[in-house]
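Remarks on the structure that follows.
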Amino acid sequence: MALYCLVSPGGSPGVTTTALGLALTWPGRVLLAECDPMGRRVLPGYLADRMREPAGPGLLGITTTDANDSNVSVRLEQCVVPLDDDGHAELLHGIRDPRHTARLTALWPLVAGALATRDGDVIADLGRVGGAETPVALLEAANVVIVVLKPTLAQVDAVRPRLDVLRSLVSSRGEIGLCLIGDGPYSAAEIKRLLRVPVLAELPHSPADAQVLSDGARPRRTFRTCLLVRCFNRMGHRLRVPTETTPMPSGAADTTEVARRAEAHPIRRKESNDGNALDRSSIAHSRRSHQ
Ligand SMILES: Nc1ncnc2c1ncn2[C@@H]1O[C@H](COP(=O)(O)OP(=O)(O)O)[C@@H](O)[C@H]1O
Ligand SMILES: [Mg+2]
């Protein structure tokens, strides 16, 4: 299946929130892999009151294995935990202590290989890219790299050099696209023209709903059908290439198709109601929910 890497130019535009929102609404089996060297967020946030079994070691558990391909794949599966109730979404939670990043440095190529060949799609949260600790191997293995940013001058300025690096890293079968969060002085068309990268999605600035995902805040009654969740849902359907319509020997997504479809049917911030966008997620069963 496909590996989707979500990254940012810094400034916390909402990479983790978007990665989690996508995973919970993803139209198929999916693993959310927290690979941000700066630390995990889902376990002490969204899952804080939702975990029903031991969280296990997560990504750190991989460092306790002999470093060879098959061992890392097997160990990775042992470190995965459910993210929702119906089992369609799973989580490989990230490291807590950034000092542990050094232990992962030599293993990133094997982790990338294991994630890229996993049965089911993988959404990897890499956080801010550009620093020495960026897991470059994941970017090289990605089918799609999604750069999350706000449409502001500061973010556009920060993203330019990082896009240059990403272009040199992402393989010929990979693709780079943008996900814009909230309003800013630039329109999606201007950002696309300035950066010469397709805009795959525009998400609304919805602080209350975003905090349900980023901090485990209590969801509003209308959370499951709110605009932000509907946008995640639409974004996932647009990004994911159904395997039955795109048989590829390598199992890789037809990523040119991803950008073409995204541009033909852009995700607007003011879409009509899609129905129960999150009704397959654990939010429906949350002990914190009002419903
Ligand atoms: N679409 C959004 N609208 C409003 N606030 C958001 C949105 N996405 C994320 N946030 C908020 O931004 C902050 C940072 O989010 P996070 O996902 O942790 O960013 P990053 O992973 O890029 O550092 C959190 O408080 C989160 O609730
Ligand atoms: Mg983050």
Contact list, first residue from the range 6-32 and closer than 12 Å to L83 by Cα and assigned to a helix (DSSP H, G or I), second anywhere and aromatic (F, W, Y) and within 13 Å of ligand 2 (Cβ to nearest atom), beta-carbon distance below 9 Å, six or more apart or interchain, is L20/Y46; L24/Y46
The number of residues in the range 18-46 that are away from ligand 1 (no atom under 13 Å from the Cβ) and crowded, with 21+ Cβ neighbours inside 10 Å is 6
Selected residue [more than 16 Å from ligand 2 (Cβ to nearest atom), closer than 15 Å to R96 by Cβ and in a loop (DSSP other than H, G, I, E, B)] from M38, M51: M51
Criterion: at pLDDT below 95 and more than 28 Å from E175 (Cβ to Cβ) - qualifying residue of D69, D49: D49
With the structure loaded, tell me whether V74 is under 17 Å from the mean Cα position of the chain (by Cα) and either part of a helix (DSSP H, G or I) or buried (at least 20 other Cβ atoms within 10 Å of the Cβ) (or both) or whether it fails that test. no
Looking at the structure I just gave you, is R96 in contact (Cβ under 8 Å) with a residue 60 or more places away in the chain, at negative phi, out of contact with any strand residue (DSSP E or B) (no Cβ under 9 Å at 6 or more places or on another chain) and not in a helix (DSSP H, G or I)? no
Answer yes or no: is there a residue in the range 150-162 that is assigned to a strand (DSSP E or B) and either more than 16 Å from ligand 2 (Cβ to nearest atom) or among the hydrophobic types (A, V, I, L, M, F, W, C) (or both). no
Can you tell me how many residues in the range 163-197 are assigned to a loop (DSSP other than H, G, I, E, B) and either over 15 Å from V7 (Cα atoms) or within 16 Å of ligand 2 (Cβ to nearest atom) (or both)? 10
Scanning the range 36-59 for residues that are in contact (Cβ under 8 Å) with a residue 24 or more places away in the chain and in contact with a Cys (Cβ under 8 Å, 6 or more places away or on another chain), which turns out farthest from R218 (Cα to Cα)? L59
Filter result for the condition that a residue is at pLDDT 95 or above and either buried (at least 17 other Cβ atoms within 10 Å of the Cβ) or farther than 25 Å from D84 by Cα (or both), over M248, M235: M235
Top-ranked residue of the range 163-221 - restricted to ones that are of a type in the set (S, T, Y) and within 30 Å of A141 (Cβ to Cβ), ranked as nearest to ligand 1 (Cβ to nearest atom): S214
Sole residue being within 16 Å of L126 (Cβ to Cβ) and of a type in the set (F, W, Y), chosen from Y46, Y4: Y4
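Output the number of residues of the range 47-65 satisfying the condition of being surrounded by fewer than 12 Cβ atoms within 10 Å (Cβ to Cβ) and in contact with a helix residue (DSSP H, G or I) (Cβ under 9 Å, 6 or more places away or on another chain).
Residues in the range 47-65 being surrounded by fewer than 12 Cβ atoms within 10 Å (Cβ to Cβ) and in contact with a helix residue (DSSP H, G or I) (Cβ under 9 Å, 6 or more places away or on another chain): 1 in total.
Select, from G61, G113, G130, the only residue that is among the small types (G, A, S) and assigned to a loop (DSSP other than H, G, I, E, B).
Just a single option satisfies the conditions, and that option is G130.
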Where the second residue is surrounded by fewer than 24 Cβ atoms within 10 Å (Cβ to Cβ) and the first is on the phi > 0 side of the Ramachandran plot and lies in the range 135-148, which pairs have Cβ atoms under 7 Å and are six or more apart or on separate chains? none
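The values are calculated or read from the model by the stated rules, or taken from the named source; none is laboratory data. Here the structure is a predicted model, which is why all the values come from computation and not from measurement. Quick reminder, even Gly has a Cβ in these numbers, built from the backbone with ideal geometry, and neighbours come from all protein chains shown.
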